[in-house]
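S.K.: Dumping the structure here so I can ask a few things about it.
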Amino acid sequence: MKLTGKLLVAMPGMGDPRFAHSVIFLTAHSEEGAMGLMVNKPAPELRLSDVLEQLVDDPPSKAKSLVVHFGGPVETGRGFVLHSDEYRSAIETLVVGSGIALTATRDILEDIAAGNGPEQAQLMLGYAGWGPGQLEGEIAQNGWLTCDATAGLVFGLPDAEKWGAALQSLGIDPLSLSAAAGRA
């Protein structure tokens with residue numbers, strides 16, 4: 001199972017409320033575990049404009065409008081920028097999916113503040129992580145569905161619409177899902 005660059009879509013019976021209705025972009029998946037970033041959970045008390053104003057005097061309005069997201073419960077003080085893949089950091093950028101890249105260095109914030117950043121971006125604080133075999137177990141227990149990630153779904157939709165859109169990309173009507181798990 002190769003899941004790097006895919007989306008995890010929380011099932012209605014997800015036991016952990018932090019992940020209820022979440023959509024997670026998997027930035028890494030291997031035998032050693034998995035890491036992902038929630039793309040649909042804004043952190044309303046945080047504003048990117050506050051960070052950018054520390055870097056430059058007058059950040060562009062496009063940069064000011066970026067919302068900070070809760071990327072996951074691990075290392076919530078650590079920042080990640082998931083973005084369109086036309087941008088490359090001078091330090092390090094990892095292309096993780098079709099049209100999607102990840103940068104976790106300060107220079108991307110400086111570039112965004114100067115108006116030289118990626119066309120599309122989401123800043124996340126924290127990440128979701130799984131140990132070896134843990135994610136596969138959660139998928140087997142009907143905690144998650146997986147689907148292909150597209151830049152349109154990750155960056156182009158309002159956060160509140162991403163969960164339903166990810167399910168619809170699988171041909172699933174969100175209203176038809178049950179919180180009860182079972183096996184046939």
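S.K.: Please go through (1) among the hydroxyl-bearing types (Ser, Thr, Tyr); (2) surrounded by 14 or more Cβ atoms within 10 Å (Cβ to Cβ); (3) at pLDDT below 95 for residue 98 and return the number of the only condition it doesn't satisfy.
M.R.: For residue 98, the failing item is (2).
S.K.: Are there any pairs, at least 6 apart or on different chains, whose C-beta atoms fall under 8 Å, with the first in the stretch 67-91 and within 11 Å of residue 43 (Cα to Cα) and the second open to solvent by 50 Å² or more (accessible area, probe 1.4 Å) and hydroxyl-bearing (Ser, Thr, Tyr), and if so, which?
M.R.: 70/76
S.K.: Search the stretch 114-132 for residues that are charged (D, E, K, R) and pair each with any residue that is open to solvent by 50 Å² or more (accessible area, probe 1.4 Å) when their beta-carbon atoms are under 9 Å apart and the residues are at least 6 apart or on different chains.
M.R.: 119/86
S.K.: Separate question: Looking at the stretch 102-110, is at least one residue open to solvent by less than 20 Å² (accessible area, probe 1.4 Å) and among the small types (Gly, Ala, Ser)?
M.R.: The answer is no; no qualifying residue exists.
S.K.: For the stretch 67-97, what are the residues that are outside any strand (DSSP E or B) and farther than 15 Å from residue 35 by Cβ?
M.R.: 85, 86, 87, 88, 89, 90, 91, 92, 93
S.K.: Here is a further query. Out of the residues in the stretch 14-60 that are surrounded by fewer than 17 Cβ atoms within 10 Å (Cβ to Cβ) and of a type in the set (Lys, Arg), state the one that is modelled with the highest pLDDT.
M.R.: Per the criteria, the residue is 18.
S.K.: Report the residue count in the stretch 109-155 for those that are over 18 Å from residue 70 (Cβ atoms) and either in a strand (DSSP E or B) or more than 17 Å from the chain's Cα centre (by Cα) (or both).
M.R.: Final tally of qualifying residues: 24.
S.K.: Among (1) at pLDDT 95 or above; (2) buried (at least 22 other Cβ atoms within 10 Å of the Cβ), where does residue 69 come up short?
M.R.: Single failed check for residue 69: (1).
S.K.: Filter the stretch 113-141 down to the residues that are open to solvent by 60 Å² or more (accessible area, probe 1.4 Å) and closer than 17 Å to residue 8 by Cα and list them by number.
M.R.: Across the stretch 113-141, the qualifying residues are 132, 134, 141.
The values are calculated or read from the model by the stated rules, or taken from the named source; none is laboratory data. On a predicted model such as this, the values are computed, not experimentally measured, just so you know. Neighbour counts are summed over all protein chains in view; Cβ atoms, including those assigned to glycine, are modelled from backbone coordinates with ideal geometry. Each accessible area value is taken on the protein alone, full model and side chains, heavy atoms only, with ligands, DNA and RNA left out. Shrake-Rupley method; radii C 1.70, N 1.55, O 1.52, S 1.80 Å.
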